[in-house]
Every structure is written in structure tokens, then in C-alpha cells.
Amino acid sequence: MSKHLQRDIERIRRDLLSQFGLVEKVVDDAVRSLVDRRADLIDSVLGSDTAVDEREVHIEEACLKTLALHQPVAIDLRWIATVVKINSDLERIADLACNIAERALSLNRHDDFPIPDQVPAMVRLAMSMMKQALDAFVELNAIQAREVIRLDTHVDRLNREAIEELTELMKRDPELVEPALHCFSAARHIERIADLAENIAEDVIYIVEGEIVRHKHDDASDGLPANR
């Protein structure tokens with residue numbers, strides 16, 4: 001790797017890690033606004049969208065410029081190409097966080113609505129997946145990336161259970177239809193954040209091993225991972 005290519009890759013890496021940090025905070029604030037009914041966080045989440053969008057464009061332009069100038073090969077080429085995808089996924093995660101904040105705003109009109117227990121559990125797993133995906137990217141750790149992929153099965157299961165509970169609530173009490181639909185939508189957005197964290201983990205495996213594992217991995221077992 002030439003000195004100039006190494007310098008440009010390091011700059012892109014720093015910018016992407018900064019974007020990771022911003023998106024992680026946006027998601028954390030969004031889910032707290034929903035689960036903890038923290039209405040004071042909603043404006044902050046919605047106001048962060050522009051900054052995330054601007055950083056996404058900046059990182060993509062830097063990647064394309066580096067590809068054109070240096071014409072990298074092998075792992076350097078895989079790394080830059082994958083960063084373009086991860087960068088896009090982070091922007092989509094931030095958009096989903098804004099959607100969650102909007103659903104939280106709507107739910108604030110229904111203070112007594114019982115949010116199913118599965119939703120906070122989904123939040124914890126999705127946030128863990130994001131953090132582990134970031135660590136896997138920083139350390140180029142394919143083993144940790146595969147753990148992120150495994151966790152997605154549990155988020156999907158919790159999402160199905162939350163939908164079933166919300167459906168029963170709507171059947172029992174028509175007055176709960178509106179808030180239940182807002183909660184249903186929020187749960188779906190959380191599930192999509194987990195999916196995008198899984199995408200990032202798959203991309204890490206591609207960087208490290210040069211293998212595209214999308215659509216190839218088996219479903220994980222139902223047991224949650226042991227505490228580490």
C-alpha cells in the first residue's frame with residue numbers, strides 16, 4: 001500500500017467511525033424516547049438527520065475519489081467498496097431512528113398504553129448488535145461479526161411475539177388500535193435496524209475473508225448468548 005493510499009484510507013476510517021458514533025447516539029436517543037417515554041429527546045433525534053446525511057455524502061465522495069486516484073487492489077479494494085455499503089446502511093439506520101422518534105411522539109398522546117415487554121428486549125439486542133458490528137469492523141473480527149448475525153434471529157422472534165401481543169390488544173379494545181399501530185411500526189423499525197447491523201457484520205466478513213455470506217448463513221439456535 002502506498003503512503004498516500006494509506007493516508008486516505010485512514011482518513012476515511014476516522015470519518016466512518018465518527019459516523020458510527022453519531023448514528024449510535026441517534027438510535028439510543030430514539031429508542032429511549034420510545035421505551036422510556038423521553039419526549040425531550042425527540043427533537044434531538046430529528047435534528048440529527050441532516051448531519052448524518054451530510055457525513056454520508058462526504059464519506060462516499062472520499063471513497064470514490066480514493067478508488068479513482070489509487071486504484072487499490074485485494075483487501076484495500078474490498079475495504080473501500082465495503083465502506084461505501086456500510087456508510088449507506090448507517091444513513092438508513094439513522095432514518096429508522098427518526099421514524100422511531102416520530103412514533104414515540106405519537107405514542108405520547110397515549111400515556112397509559114402498555115408497550116409490550118418484547119419491544120425493550122428488541123431494543124437491547126439491536127443496540128448490542130450495532131455495538132458489536134462496530135467492534136467487528138474496527139478489529140476486522142469475523143468471529144464477532146458472525147455473533148451479530150446470530151443475534152438477528154432473536155430480534156426477529158421478539159418482533160413476531162410483539163406483533164401477536166399488539167394484535168390481541170387491538171382485538172380486545174378498539175380504543176387501543178391507534179397507539180398499537182404506532183407501537184407496531186416502531187417495533188418494525190427496530191427490527192430493521194437489527195437487519196442493517198447484520199448487513200454490516202456480513203460486510204466485515206467480506207473484508208476479512210473475501211467471502212460474500214449474504215443469504216448463506218444458517219438460522220441461529222433459540223438460546224440467547226451467554227453473558228461475556
*Which order do the peptides 34-46, 169-181 take when ranked by the mean count of other beta-carbon atoms within 10 Å per residue, highest first?*
34-46, 169-181
*With everything on Cα atoms, drop me the angle between helix 74-107 and the longest principal axis of the chain, reported from 0 to 90° to the nearest 10.*
20
*Determine the gain in length on full extension of the stretch residue 14-residue 215; use 0.36 nm per residue of separation and subtract their C-alpha separation, reporting nm with one decimal.*
69.4 nm
*Among 99, 69, 136, whose Cα sits farthest toward the positive end of the charge dipole of the chain (+1 at Cβ of Lys/Arg, -1 at Cβ of Asp/Glu, about the Cα centre)?*
69
*With axes computed from alpha carbons, what is the tilt in degrees of helix 177-209 against the longest principal axis of the chain, rounded to the nearest 10 within 0 to 90?*
20
*Return the calculated 222 nm mean residue ellipticity for the chain, to the nearest 500 deg cm²/dmol, obtained by summing -39500 (n - 2.57) across DSSP H runs with n ≥ 4 and dividing by the residue count.*
-28000 deg cm²/dmol
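Let me spell out the model: positive unit charges on the Cβ of Lys and Arg, negative unit charges on the Cβ of Asp and Glu, origin at the Cα centre of the range 3-209. What dipole size does that give, in debye rounded to 20?
Charge dipole of the range 3-209: 560 debye, to the nearest 20.
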*Within straight-line cross-link reach of residue 65, lysines at Cα separation under 30 Å, skipping those fewer than 8 residues along the same chain*: 3, 25, 85, 131
*Calculated FRET value between residue 53 and residue 167, using beta carbons and R₀ = 41 Å, to 0.05*: 0.70
*List the lysines whose alpha-carbon lies under 29 Å from that of residue 171, not counting same-chain residues fewer than 8 positions away?*
none
_For a protection proxy built on the mean count of beta-carbon atoms within 10 angstrom, sort 138-150, 59-71 highest first, please._
138-150, 59-71
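Quick note: the coordinates plus some simple rules give every number you see, no bench work behind them. Since the model is a prediction, treat every value here as computed from it, not as a measurement. Quick reminder, even Gly has a Cβ in these numbers, built from the backbone with ideal geometry, and neighbours come from all protein chains shown.
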